[in-house]
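What follows is one structure encoded as C-alpha cells, with my remarks underneath.
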Amino acid sequence: MTDATYDALIVGAGHNGLACAAYLASGGRKVLVLEAGERPGGLAATREFAEGFRVSAAAHLLNMLSPEVAKELALERHGLAYAARNLKTVVLPGNGRQLVIDGDRLEGASANDQAAFTEFQRRMRRYAKVLNRFCARPFPHLTERRGRDNRLLAKLAWDVRTLGKADMRELLRIGAINIHDVAEEQFENPLLKAALSMDAVLGSHMGPRSPNTVYAYLHRHLNDDGQGPALVKGGMGALGDAFAAAAEAAGATIRYGARIASIDLTDCRAAGVTLADGTNLAAALVVSNADLKSTFQLVGPLNLDAGFVRRVHNFRARGVTAKLHLALDGLPEFRGLNPADAGSRLLAATTMDGIEGAFNHAKYGECSPQPVMEVTIATVHDDSLAPPGKHVLSAVAQYAPYALKAGWRAGRETFMHSCLSQLEALAPGIGEQVIAAELLTPPDLEARFGLRGGHWHHGEIALDQALFTRPVPGANHYATPVPGLYLCGASAHPGGGLLGLAGRNAAKAILAGADAA
Amino acid sequence: MKKYDAIVIGAGHNGLCNAAYLAKAGLDVLVLERNPHIGGASVSRELYPGWTYTNCSYVCSLLRPEISRDLELARHGLQVVPYHGGVTFTQDGDHFGNYPDAERLYREMARHSRRDANAYERFEADVTKQTRLIRQFLLTTPPDPTSFKPRDLKGLLEMASAFTGMGEEGLLDTVRFWTMSIGDFLDEYFESDVIKAHLSGSGIIGTALGVYSPGTAYVLLHHYMGEVDGNVGAWGFARGGMGAVAEALASSFRAFGGEIVCDADVHRVIVERGRAAGVALADGTEHRAKLVVSNLDPKRTFLQCFDASDLPAPVVEQARNFKIRGSSGKLNIALDGLPTFKGLAPNSPLMLSDMHCTDSLERMERAYDDWKAGTWSKDPYVDTLIPTTVDPTMAPAGKHMMTVFVQYCPPALAEGPWTPQARDAFGQTVIDQIAEHSPNFKDLILDCEVRTPHELEDEVGLTEGNIFHGELTFDQLLFNRPFPGCAQYRGPLRGFYLCGSGTHPGGGVMAAPGANAAREILADLRRPDVTPPSYLND
Amino acid sequence: MTPHDNRMLLDTPFASRVQAACELREWEPWKGYASPIAYEDVELEYFAARNATGVFDLSPMTKYRIGGPDAEPYLNRLLTRDVRKIRPGRVGYTLWCNDAGMVLDDGTLFHLSQGDYRLCAQERCLDWLLTSALGLDVTIVDETAEVAALAVQGPTSCAALRAMGLEGLESLKPFGLRHYPFDGGELMVSRTGFTGDLGYEAWVAPAHAEALWDAMFAAGRNHLIRPMGNAALELARIEAGFIQAGVDFVPAEQVLRHGRARSPFELGLDWLVDFDKGHFTGRSALLREREQGSRFRFVRLDVEGNKPAPESFILNKRGKTVGHATSAAWCPSAKRNVALASLEMPWGRPEDELYAEIYYSRELRWTRIEARCRIIDGPIWDPPRRRQTPAPNF
C-alpha cells in the first residue's frame, strides 16, 4: 500500500517531533507523525510501573520548556497543567543543615554566599538569555554564508556584545570551563556547590570538573525564569499529550504503533518510510525526531557517504543516567528536611568531590557505588499518581554507564542497591516503605524509547557537539546529506531537555527551504 | 639614583628574550633575578658532581626559530640537536616503539593494529592542519574581541578569516578539535590502547586535566606546533641542557648592553601616580625605571608583587581566579651507566627519546583521578629521557643523566603540605614504575633529585609549580590569556607589562611571549619594532 | 604479539632474484620495501617493455581482499564505478572519493570469483575501507604481504608467458583474469598493467615467487625478456598518460591545505564516475560539481622542443601562471615531449595558447625557456596490440 498524500512524515512522536509537526502543519503542510509506541511524548512519558502507581518515566521536572513554543502551540489550552510550579531545590545533607534554593534566595547559606549567588544568578540569566538567542533559531552557516547568514551572524555577534565588556569577558572565561572551578571561586557552602554541579552534570557523561559543564549548566537554564522547575499534572506524559493535541489541532495526523523499519530513498532522495508491518508511506519530506544514530541506521549506510557515517558513529552519546522509581507505602522522612519541603526537588549529592568521585567510575564502565540523585515525590502535589496515602518517588540517578563492563544483567541489582542505600542513609526507614521498585538503565531507555546509547539528550551537550557543530558536520542545519531528510530531535541544535526548540527550529528551516549544506 | 628605561622581573627565558629585544631597540634594561643563577625553568645545574641536570624544562621544540635566528642564539652558544623516537612499555613486557622512519613506524603500529597504522596518516594530517592554523598566531598579539579599536577589529577579522579559510567542514573540525578531550579525539582514529596512550601524553603534560577532559586535544597541539630546523612537531635537546637556552639569550641580551643582577628578589612593584615606577627588592633596595615588565606568572605578579590597592579590583579578582595548577613532578637522576629495558636492544634507537610506561587511556585517566583526590599518581604517567644518549656534555663519559617528567603530582596533598617523606615516597613510586621495565635501573642510580610542585614553586617561583604559568585551556588562550582585558601584554596600569608564559601563546620555552611583549612595549614607546616577523607559514 | 621487524627496508618475495639482477644497486623505498630504480640501464629497460618484455616486481603494491555478504553493495558504495558491471573474472580500473568528492586514490578491482574481490592501490587505505564498512557485513584483509606479483609488459609478453606453459593466454581479453596451476600452487594472470601496452600481471603466493621468476625468465629468454625498474616504468606510465597518487594528485585525506585535493573531473576521469548506479561516497558532491563546474582541468600537454617540463609552471600567453605540470618526460616511443598538468579553470581548452616554463642546466648554466604547449586530445601511446584478442604472438 502506498500513500502519497502527505507532504511530510515525522519519525517519532517525541515532543520535538510533535512540535515540528505542529509548526509544519500550521505552515500549510500535510503532516503524518509516526510513532512506534502507543502514546505521544517520547521521553515525556508517564508510566504505570506498579499497579496504581504512575510516574514520569524519564524527565520528571519541567524547567526548560521554551515559552515561545508553549505559547505558540497553546500547550496549556491543549491540556498542559501543573501540579506545582516554582519548586524549591533542597540539598539533603544527610546530617547537618540542609540548603534550600528558592529562586534567588538561599536558606542555610552564609550572607556571602547569598550575595554571590544573587550575582551569579543575574549573570547566568544574562548569559542564558544570549544563549537562548542562539538556540531559538537555526544556526547560520559560517563559511558558505548567504545573505541571511550574514545578517544573522551580525545579529548574534551584536547580542553577545550587548552583554557589555565585563560580562562578555567573564563569559569568554567561563564559557568553556567547568562548574567546579566557577563554584569554588564564588561560593563557600559545599551543598550549594554540589547543587550547581548537579545542574551541570545531570544527564551527561561529565563530572563537575569536566570542562564544558558551565556550558551544560547554561543549557539547562536556557529558559530559566529564576523561579525553579515545575511538576506537570498527571506526570510528564501529560506534556506529551498536550504537544500531540497541539499538533493535531494544527492539522497533523498521528499514527501510533507505527514502528519504522526504514527511511526510503528514491534517486538518492528521501521519499518515504517503510513500517515494520511492510507498509510503504511516501512523502516529499521525512523529518526524524529519532536520535542521530537511529535515524541514519534507518537510512542505511549504503545510502550515505562513508565519511558522514564515520561522523555519526563518532557522535558521543554514552548514556550514564538511570531512573529509579519507588512505590512507597507512605511519605518518606528525610533527615533534616522540613516535611513541608518534601515536595521539592531534592538533591542527594552533598559535595562536588562526591559527584566527581561518582563520575570517575563511569569513565571506566562501572556504576557509581555511591550514586548521586535528583529526587521528586510528585505525589505530594499530585494525588492522581498513586492510591490515596501512597507515594511515588522518582529519582534521576547517576552514574550508570550504558556500556557497563560487568554487564547490566549483573549490574542492575547492584546499582539499585547502591541507590537504595543512599536513600536509606538520607531517609532512614525508606526501605521498609517500598512496595515496588523499578530501575530504568540506559539500555532500558534505549529499548523503551529507541534511544541509541540511552543518552537523555540524544548525545552529549559539550562544545564539540553543541551549537553550530551539533550534531555532526554535514547535518548541523537540520537538513542532512540526504535531500529531503531532516532532523528535528534533541540530536539537533540546540539539543536535549524538554525545550521544543529543535522541533520548532527544524520546522522553520524546512519552511524556509533549507537544503543540505 | 639611576633610572633605567626598563626593568624586567625574572631572568627566565621570556624575561631575557623580552629584555634582549628592548635592549636591541636601544633601551637601557635591567633584569632582576631572585635566584643566584638565571634561567627560571630553563636551567642546567650541576647538583651532583660531574652531572648536569636539566632540572625543570628538559627538551626544546617550541622555541621560535625566528627569535633564535634573530637574536643569534647559535653564535651565543645554543645548539639544539633533534631527537627522534619514543617508546611506551606495556604491562605484558612488550612495547610500542615510535620509530622515526615512517615505514618502520607503520610496521610497528601494524603490529598492534593494522588499521591504526594506516589511520595514523589521517591523524597526522588532521593535527598538522591545526598546527598550521595556530602557528601563524604565535608571534602576534591577540586581538581583544570586546574592543572596537580598529586594530582589534582588524585582528579579529584576520583571525576569523584564518578559521573560515579552512572551509565549512574544516572550521567545524577546528572547533571540535579545540574543545574535545584528547581521549575522545584519539578514539576517532585508533583502536589500540597502547597507541592511544602513547599519543595522548602530549595532551596532558603540564596540565591539571585528564585524557578525558575536554580541551586536552588542544594541549596536544601545543606540543606539536613547535619545530626543529623547519621540521614541524620535532623536538630536540639543547646541548648542555635547557640552561643553554637561557645562557644564549642572556649572552645576546648582554651583547646589546643589557645588565642582569642575580640574587635580587623583587618584593614589590613601586606604583606612583597610577604608574609603575620601579621595583623594591626584599632587602629594601629600590630600582627605578620608566617601565616594568614581569616575567613571573600572572598570579605571582598581581597577587604578590603589588599592593592590592594599586590594582583595579577586577584584576585582583581575575588573578585570583586564574587557573594555574601544579600537576607535574620531576626526577633528575644520575646513572652509573645506560639502563637496559625489557624488550629493547641495548642500542635501540627508541631509547634516544621519550619513554613511557602507561599503556592505556584508562591508566592515564586513573593517574589523573589520584591528582583530583589530592595525592600523586600511584601509577603515574612518566616522560623519561636520557639526554646523555645524544649530548656528551651532561655526564662523564659512559655515565648517564635521566630526566623523568611525572604526571600527576599535586601542589599540595589532601592531608596537608608536602613533607620530605612524602616527596621521597613520590620519587620511589616513579622509580619503582620505571624499574618494572628496566631490570638494572635501580642499581645504576647514583643520585636522584625529586621535585614536586612544591619545589618548583619554591625554587623557580612557578605558582603551584605549574610549568606553563597557567592552564592551556581555551578560557586562558589567545585573547583570554592570562585573562580577558589583559591579553595584550599590557598590565592594568601604565608602564607595566607582562612577558611570561602566562601570556599568549603560553608556556613551553617558546620565547614568543617575551618577543610579543617587547613589540607592544616598543609600540607604546613609539619606537621602531625590532622583533622578527613570523616566517611565512605555507 | 608478533615481534617487530626492525629492518629499515623489507625484501619482496622476489628479492633474491631482483638483487642478483640489479647491477646498479640503486634502490628506493616503496611502502617499506626495497625497490630497484633501475637494474642496469633505464633506456634498455624501458624499451624492453615497449619492444619485447619488461618485468617489474610490483609486490609492494597495497592489496586488500574483500568479501562477505555485503561485498558487492559495499564496493559499489565505495567506488565511483558500477561494480556490478565488473563480472567475476574481470578487472576494473576505478577511483574512490571522500564525501566531498575528492579522490582518495585510484586502483584496480579484481573480481576473483563471485563475491570475492581484490582491490589494488598505490596508497594504504585500510582505515577508509573499514570506515566504509561501518554497518555492513564485509570482511577486509590486507593481503599485501601474502601476494607476490610481477608485471609482465610489452609486445612479446604474451608469447613469453605462453612459452612458460600458460596455454590459451592469448584469448584473455584486456582486463580479464585467469588462473593456472603453477609450482604446486596457483598462478593468477590478469591482462592489466601500467604501461599502456600489451601486458599482464602475474600473481602468486610468496612461496612460489622465486619459481615464478625463474620460470618466466627461462621461458622468456627467446622473447628478449628483461627486468625493469621504477624509472623505466615511470617513463612508460607517463607515455601512457596514466596518473599516479601522490604525484599527479594528493590523496584527499593527506591534504593539509583546504582546496588542494582533486575530484575525478579535475583529473580528467569523468568516465569513471557513474551517477546512474545509485549512491556512492562523494556522489552528492560530484553532482554538485557537475552542475556548478570544476575548479581545475587535468590535461596532457605536448610540449614544444625536447626539454622535459617537470614541475613547470604553465603560463598563458600573457605570462600568467594558470597551473603546473605534475609529471613530464620525453616519451621515446611516442616521440613526444609529454607533460601531465593541472590547470585552473577555464584554462586547458584546445584553443588556449599555453607555455611551459622550463629550467634546465647545461654545464652548470641554467637556462629558462617558455615552450609552447598543445593539448593532446586522444591517447599518446596506444598500439593496437594493447587491445587485440587474441593477443599477438610475437
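The values are calculated or read from the model by the stated rules, or taken from the named source; none is laboratory data. Just so we're clear, the structure is a prediction, and the values are computed from it rather than from any experiment. Cβ placement follows ideal geometry from the backbone for every residue including glycine, while neighbour counts extend to all protein chains displayed.
Summary of values
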quantity: The listed residue being assigned to a helix (DSSP H, G or I) and of a type in the set (S, T, Y), out of B:T141, B:T131; calculated: B:T131
quantity: Yes/no for C:A309 being of a type in the set (G, A, S), crowded, with 22+ Cβ neighbours inside 10 Å, part of a strand (DSSP E or B) and modelled with pLDDT of 95 or more; calculated: no
quantity: Positions within region B:89-103 being part of a helix (DSSP H, G or I) and either more than 19 Å from B:S348 (Cα to Cα) or under 30 Å from the mean Cα position of the chain (by Cα) (or both), in sequence order; calculated: B:A102
quantity: Residue within region A:421-430 that is surrounded by fewer than 21 Cβ atoms within 10 Å (Cβ to Cβ) and either touching a Ser or Thr at 6+ places or on another chain (Cβ under 8 Å) or within 14 Å of another protein chain (Cβ to nearest Cβ) (or both) present; calculated: no
quantity: Enumeration of residues in region B:139-172 that are crowded, with 16+ Cβ neighbours inside 10 Å and farther than 25 Å from A:R470 by Cα; calculated: B:L139, B:T140, B:T141, B:P142, B:P143, B:D144, B:T146, B:S147, B:D152, B:G155
quantity: Conditions (1) farther than 30 Å from B:G167 by Cβ; (2) modelled with pLDDT of 95 or more: number failed by C:E26; calculated: (2)
quantity: Residue count for region C:22-50, restricted to those that are away from chain B (no Cβ under 14 Å), in contact with a strand residue (DSSP E or B) (Cβ under 9 Å, 6 or more places away or on another chain) and crowded, with 17+ Cβ neighbours inside 10 Å; calculated: 10
quantity: Filter result (aliphatic (A, V, I, L, M), over 23 Å from C:S35 (Cα atoms) and within 14 Å of another protein chain (Cβ to nearest Cβ)) within region C:115-169; calculated: C:L129, C:L130, C:A133, C:L134, C:L136, C:V138, C:I140, C:V141
quantity: Residues of region A:297-329 that turn out to be of a type in the set (A, V, I, L, M, F, W, C) and within 9 Å of another protein chain (Cβ to nearest Cβ), as a count; calculated: 6
quantity: Residue identified as over 30 Å from B:K290 (Cα atoms), within 14 Å of chain A (Cβ to nearest Cβ) and not aliphatic (A, V, I, L, M) among B:D475, B:D443; calculated: B:D475
quantity: Residue match in region B:295-314 (condition: within 14 Å of another protein chain (Cβ to nearest Cβ) and assigned to a loop (DSSP other than H, G, I, E, B)); calculated: yes
quantity: Extreme residue, nearest to the chain's Cα centre (by Cα), among residues of region A:186-222 that are among the charged types (D, E, K, R) and modelled with pLDDT of 95 or more; calculated: A:D199
quantity: Output for region B:157-179, where each listed residue is of a type in the set (A, V, I, L, M, F, W, C) and either facing chain A (nearest Cβ under 7 Å) or on the phi > 0 side of the Ramachandran plot (or both); calculated: B:L171, B:L172, B:V175
quantity: Test: residue in region A:185-201 that is more than 14 Å from every other protein chain (Cβ to nearest Cβ), within 19 Å of A:A44 (Cβ to Cβ) and in contact (Cβ under 8 Å) with a residue 24 or more places away in the chain; calculated: no
quantity: Some residue of region C:361-368 being in contact (Cβ under 8 Å) with a residue 12 or more places away in the chain and either in contact with a strand residue (DSSP E or B) (Cβ under 9 Å, 6 or more places away or on another chain) or assigned to a strand (DSSP E or B) (or both); calculated: no
quantity: Residue under evaluation A:E356, criteria (1) under 17 Å from A:A59 (Cα atoms); (2) within 14 Å of chain B (Cβ to nearest Cβ), criterion not met; calculated: (1)
quantity: When residues of region B:91-138 are limited to those that are among the small types (G, A, S), surrounded by fewer than 22 Cβ atoms within 10 Å (Cβ to Cβ) and under 29 Å from C:H258 (Cα atoms), the one nearest to the other protein chains (Cβ to nearest Cβ); calculated: B:A125
quantity: Pair list, Cβ under 6 Å, 6 or more apart: region B:66-93 residue at pLDDT 95 or above, other residue surrounded by 13 or more Cβ atoms within 10 Å (Cβ to Cβ) and polar (S, T, N, Q); calculated: B:L71/B:S252; B:H76/B:S251; B:H76/B:S252
quantity: A:P93 more than 12 Å from chain B (Cβ to nearest Cβ), within 22 Å of the chain's Cα centre (by Cα) and outside any helix (DSSP H, G or I); calculated: no
quantity: B:V175 free of Cβ contacts under 8 Å to residues at least 60 places away in the same chain and surrounded by fewer than 24 Cβ atoms within 10 Å (Cβ to Cβ); calculated: yes
quantity: Sole exception among (1) over 17 Å from the mean Cα position of the chain (by Cα); (2) buried (at least 23 other Cβ atoms within 10 Å of the Cβ) for C:K85, by number; calculated: (2)
quantity: Selected residue (criterion: surrounded by the fewest Cβ atoms within 10 Å (Cβ to Cβ)) from residues of region C:1-21 that are within 20 Å of C:A205 (Cβ to Cβ) and within 14 Å of chain B (Cβ to nearest Cβ); calculated: C:T2
quantity: Members of region C:54-78 that are part of a strand (DSSP E or B) and farther than 19 Å from C:G176 by Cβ; calculated: C:G54, C:V55, C:F56, C:D57, C:T62, C:Y64, C:R65, C:I66, C:G67
quantity: C:L340 being surrounded by 15 or more Cβ atoms within 10 Å (Cβ to Cβ), of a type in the set (A, V, I, L, M), within 30 Å of C:G193 (Cα to Cα) and at pLDDT 95 or above; calculated: yes
quantity: Qualifying strands (runs of 3 or more DSSP E) (wholly inside region A:230-311; at least 3 residues being over 25 Å from the mean Cα position of the chain (by Cα)); calculated: A:260-266, A:269-275, A:280-288
quantity: Matching residues, region B:340-377, being within 13 Å of another protein chain (Cβ to nearest Cβ), within 19 Å of B:E436 (Cβ to Cβ) and in a helix (DSSP H, G or I); calculated: B:L350, B:E362, B:R363, B:M364, B:R366, B:A367, B:D370
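Conditions (1) crowded, with 23+ Cβ neighbours inside 10 Å; (2) in contact (Cβ under 8 Å) with a residue 24 or more places away in the chain; (3) part of a strand (DSSP E or B); (4) hydrophobic (A, V, I, L, M, F, W, C), marked per residue:
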site	(1), (2), (3), (4)
B:D379	no, yes, no, no
B:P396	no, yes, no, no
B:C409	yes, yes, no, yes
B:W418	no, yes, no, yes
B:Q428	no, no, no, no
B:E449	no, yes, yes, no
B:E457	no, yes, no, no
B:F468	yes, yes, no, yes
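Conditions (1) over 23 Å from C:A148 (Cα atoms); (2) in contact with a strand residue (DSSP E or B) (Cβ under 6 Å, 6 or more places away or on another chain), marked per residue:
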{"site": "C:R191", "(1), (2)": "no, yes"}
{"site": "C:G199", "(1), (2)": "no, yes"}
{"site": "C:A202", "(1), (2)": "no, yes"}
{"site": "C:A207", "(1), (2)": "no, no"}
{"site": "C:G229", "(1), (2)": "no, yes"}
{"site": "C:E234", "(1), (2)": "no, no"}
{"site": "C:I238", "(1), (2)": "yes, yes"}
{"site": "C:I243", "(1), (2)": "yes, no"}
{"site": "C:V250", "(1), (2)": "yes, no"}
